[in-house]
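What follows is calculated from the coordinates using simple rules that are stated; it is not laboratory data. The shown structure was predicted, so the numbers you read here are calculated from the model rather than taken from an experiment. Reconstructed Cβ throughout: ideal geometry from the backbone, glycine too, with neighbour counts over all protein chains shown.
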Amino acid sequence: MEHIALATGFLLILIGLYGALTQRDILRMIVAFTIANTGVNLVLVAVGYIRGRSAPIINDNLPAAEATARMIDPLPQALVLTAIVIGVGITALMLAYAYKLYILRGSLDISKIKELKW
């Protein structure tokens, strides 16, 4: 199961990078970056998963004495949750810049914006 998640995550990263590097429309580039971000989050969750272990909740089914041997480390999930929030903020910022660029220049095609070129 975790191999499928890893492969899917790496595939999403590659699709996102390909889209970000080949597209000229800024909105498509933003979507490609978001796809790559989702792939990174999926890879992080898949790396943190250990087969046969349970969630990090101590109750009657999982006594405290056996917790370290039978629990999954919650740190990767916490990092992914933080990365999702940061990714949403970055996507919103990129969309705001794209909107402002469209208002000022009338186009979202980066090849038509001469001020960005050397």
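Worth a mention:
- Residues of segment 56-80 that are surrounded by 11 or more Cβ atoms within 10 Å (Cβ to Cβ), of a type outside the set (D, E, K, R) and out of contact with any helix residue (DSSP H, G or I) (no Cβ under 9 Å at 6 or more places or on another chain): 67, 71, 78.
- Verdict on residue 90 being surrounded by 12 or more Cβ atoms within 10 Å (Cβ to Cβ) and free of Cβ contacts under 8 Å to residues at least 60 places away in the same chain: yes
- Any chance residue 34 is surrounded by 14 or more Cβ atoms within 10 Å (Cβ to Cβ), on the phi < 0 side of the Ramachandran plot and either over 13 Å from the mean Cα position of the chain (by Cα) or in a helix (DSSP H, G or I) (or both): yes
- Taken residue by residue, segment 40-54 has no member that is more than 16 Å from residue 2 (Cα to Cα) and not aliphatic (A, V, I, L, M).
- The residues of segment 82-118 that are assigned to a helix (DSSP H, G or I) and of a type in the set (Phe, Trp, Tyr), listed by number, are 97, 99, 102.
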